[in-house]
Structure formats: C-alpha cells, structure tokens
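The values are calculated or read from the model by the stated rules, or taken from the named source; none is laboratory data. Keep in mind that this is a model prediction, so the values were computed, not measured. A quick note on method: Cβ atoms are made from the backbone with ideal geometry, for glycine too, and the neighbour counts reach across all protein chains shown. Ligands, DNA and RNA are stripped out before the accessible areas are found, and what is left, the full protein with its side chains, is counted by its heavy atoms. Shrake-Rupley method; radii C 1.70, N 1.55, O 1.52, S 1.80 Å.
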Amino acid sequence: MEIANKSKELFSIKGWVKNSFCDWEGEISTVIFLPGCNFRCPFCQNWDLATNPDSFASLDWETIKKSIDAEKDFIDGVVITGGEPFMSKNLENLLKEIKEIDLKVKIDTNGSFPEKLEKVLSKGLIDSISMDIKNSLNLKDYGKTIGGTNEKILDNVKNSINIIKSSGIDYEFRTTLLPVFHSLSRVKEIGEYLNRAKRYILQGYRSIGVNPQFTCSETFSKEQLETFKKEIEGFFDECRIRYYK
C-alpha cells in the first residue's frame, strides 16, 4: 500500500495500489483504500486502517485521479476498499469522479449500510460488488466473528444480501474461513441462506496486515476448503476457492 503526505484531503484516501491483478478477479485494477470500519474482525488484513486510520497520512485525490486518467487504457477499473467504504462521507462523490474518467468500479463492503448501497446502485455508480459474509447469519456466530453485533446490524447485512442478489450487476459473496470461527455446519448454513446467489468464494486465511495480538494456531488447508465446497456448491451458480499460501 502506497502512503504519502499530501495537502488535499477531499476524500480522506489512506492508501493506493496503482496496479493490482488480484483485487478484481479477471480485471487489472487500481485500488483505493478508505479509512475506518464499524466491525472489529480480529483477522482483518487492514486492521490499522480500520481501527486507527488517523495514523495514515491522507493522499491527494487529484494526483491519483490524474494518474488513473493517464493510465486508463491499461486498467479495467477501480476497486474501492477499506476499512468499510460506506463509512466515508464523500464516497458517492468519489464514485462520480471515477465515473467521469469512464472506468468501471468495484466496491468491497461488509454489507452493514444497505441504504447507502442501494443509493449508489440506483445511480449506476458501481459495476461490481464483493460482500464479506463473516459467518452463519445468527447473532452468536456473527457477533463472535466481527467483535460484537446486534439485531440492527444483522438485519442490515441480510438486507444488503437481498439488494445485491437483485441488483443486476456482477457480484460475489465471500467468507474468510478459520477453524476458530467456522465449521462445515456453519458454512452449510451460509450456503442455505445465500441460496441461488451468483457467486460464492471460500477464502483461505492470510496473516498479512492482521493485528499481531490475534494468534492463529490453526488454519484450514486447501483440501479442507475443497470438502466445504463440495458440500455447498449446489446452492450457487458458481462456487470457488480462493487460497493463498
């Protein structure tokens, strides 16, 4: 993640990866990181950005925009991630400016802001969505995974799932799996809830960027994820594994 001191902080951008081949599958993207998150997932790969965003200097959007515009023939789109992008007050204006460059946009979200999600969808400001499904959709399991929850948050997550499934744009749901939080039965519950979703990704855990206080003594192997996939792939048009060594 490229971090630098800039004077203009219109969109409070905290990180920028100029070229990425892994943040939007099948696309060459440039990735913008927005600060803050309302979840406290202990295995978050952008822990500092989510919990201590002021420790990162803000980047100048105009500089980023000029670079993206100059290189737009060589990239397919822009990924907006975080943190949780929908916590940023100026997200909609940022999306509009990206659209002015005539590039596609993918947004990564935890799904806890369905009204904001629906608004940007209605305005045609995003072309693809990746939503994290943290665990089986009950208060106990979800709360354990995100550091505490309530009925409102869980209802928001469920509403976002419905909005995304009926959005008409490209999307994927994805779950990062760890034995301390997940099991085959919980994964089956997720599959049953997401029934007939377009795409679901089973993600292996990576420790890069994770809070050092989170110790993970056990992870799922790729073979174990394959077992999970076989049990739930019938719920989806497409079900795949995303596994990093």
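Full extension of the chain segment joining Arg196 with Ile241 gains 14.4 nm, where the gain is 0.36 nm per residue of separation less the Cα-Cα distance. The accessible surface of the stretch 36-136, taken with every protein chain in place and a 1.4 Å probe, is 44 percent carbon and sulfur. The longest stretch of the chain left intact once loop-based chymotrypsin sites (Phe, Trp or Tyr not before Pro) with at most 13 other Cβ atoms within 10 Å are removed from consideration, loops following DSSP, is 22-243. The stretch between Val180 and Ser166, if pulled fully straight at 0.36 nm per residue, gains 1.8 nm over its current Cα-Cα span.
For the cross-link pairs Lys123/Lys229; Lys72/Lys134; Lys89/Lys222; Lys119/Lys152, which exceed 28 Å when the distance is taken from alpha carbon to alpha carbon? Beyond 28 Å between Cα atoms: Lys123/Lys229; Lys72/Lys134; Lys89/Lys222. In this rough spin-label picture, where each label sits 7 Å from Cα along the Cβ direction, the Lys18-Glu100 distance is 2.3 nm. For the stretch 19-95, trypsin sites (Lys or Arg not before Pro) meeting the loop criterion (DSSP other than H, G, I, E, B) and having at most 10 other Cβ atoms within 10 Å: Lys89. In a fully extended conformation the segment linking Lys123 and Ile28 would gain 31.8 nm over its present Cα-Cα distance, using 0.36 nm per residue. Structural size metrics of the chain, computed from C-alpha coordinates, are Rg and Dmax of 17.5, 52 Å.
Over the stretch 44-135, the reciprocal of the mean inverse Cα-Cα separation, the Kirkwood hydrodynamic radius, stands at 14.2 Å.
Taking every alpha-carbon pair under 8 Å whose residues sit at least 6 apart, the chain reaches a relative contact order of 17 percent.
Think of it as helices only: each DSSP H run of n ≥ 4 in the chain is worth -39500 (n - 2.57), and spread over all residues that comes to -9500 deg cm²/dmol at 222 nm. Take the chain with all the other protein chains still there, run a 1.4 Å probe, and you get 47 Å² of accessible area per residue. Angle check, please: helix 61-71 long axis (alpha carbons) against the longest principal axis of the chain (alpha carbons), in degrees 0 to 90, nearest 10. Result, in degrees: 90.
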